[in-house]
1. List the pairs whose first member sits in the range 36-54 and is on the phi > 0 side of the Ramachandran plot and touching a residue at least 60 places away in the same chain (Cβ under 8 Å), whose second member is buried (at least 16 other Cβ atoms within 10 Å of the Cβ) and part of a strand (DSSP E or B), and whose Cβ atoms are under 6 Å apart, counting only residues at least 6 apart or on separate chains?
2. So, in the range 20-40, exactly how many residues are surrounded by fewer than 15 Cβ atoms within 10 Å (Cβ to Cβ) and touching a strand residue (DSSP E or B) at 6+ places or on another chain (Cβ under 9 Å)?
3. Would you list the strands (runs of 3 or more DSSP E) that sit entirely within the range 22-127 and hold 3 or more residues that are out of contact with any helix residue (DSSP H, G or I) (no Cβ under 6 Å at 6 or more places or on another chain) and at pLDDT below 90?
């Protein structure tokens, strides 16, 4: 019985750290991803476990968008499309009398489609450096991606 409790605690702690403490490139089911589509337009996503709130999830995908603009040599970006979802992994059962167990933790995803600009195009535009500085300070994110407590 003690082994069962220890294993449960280890899995719970691992899930919490992976899901909420690290701002990272996509790995082990969590983190950010970006994909070039065309003409300075990118699709940016951040995926986290259910332990991360949607506000924080949306901020992290917004932060990654700002970082991407800077990495690509641009100073501004606009959001052309946004969405977020909460998806639950399906349950499965191993047979009669076996309790159904989720195959994975529930996960959340926030997505943006952004267009990058070298100069302020006017309208609802974001300054990439300001967004990056503000959100890194808000979440105490250092250069290696750790989120402070």
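The values are calculated or read from the model by the stated rules, or taken from the named source; none is laboratory data. What you see is a predicted model, and the numbers here were worked out from it, not measured in a lab. Cβ coordinates were reconstructed from backbone atoms using ideal geometry, including for glycine residues, and neighbour counts include every protein chain displayed.
1. That search, which allows pairs on different chains as well, returns 40/115; 40/116.
2. Residues in the range 20-40 being surrounded by fewer than 15 Cβ atoms within 10 Å (Cβ to Cβ) and touching a strand residue (DSSP E or B) at 6+ places or on another chain (Cβ under 9 Å): 7 in total.
3. Of the strands (runs of 3 or more DSSP E) lying wholly inside the range 22-127, those with at least 3 residues that are out of contact with any helix residue (DSSP H, G or I) (no Cβ under 6 Å at 6 or more places or on another chain) and at pLDDT below 90 span 76-87.
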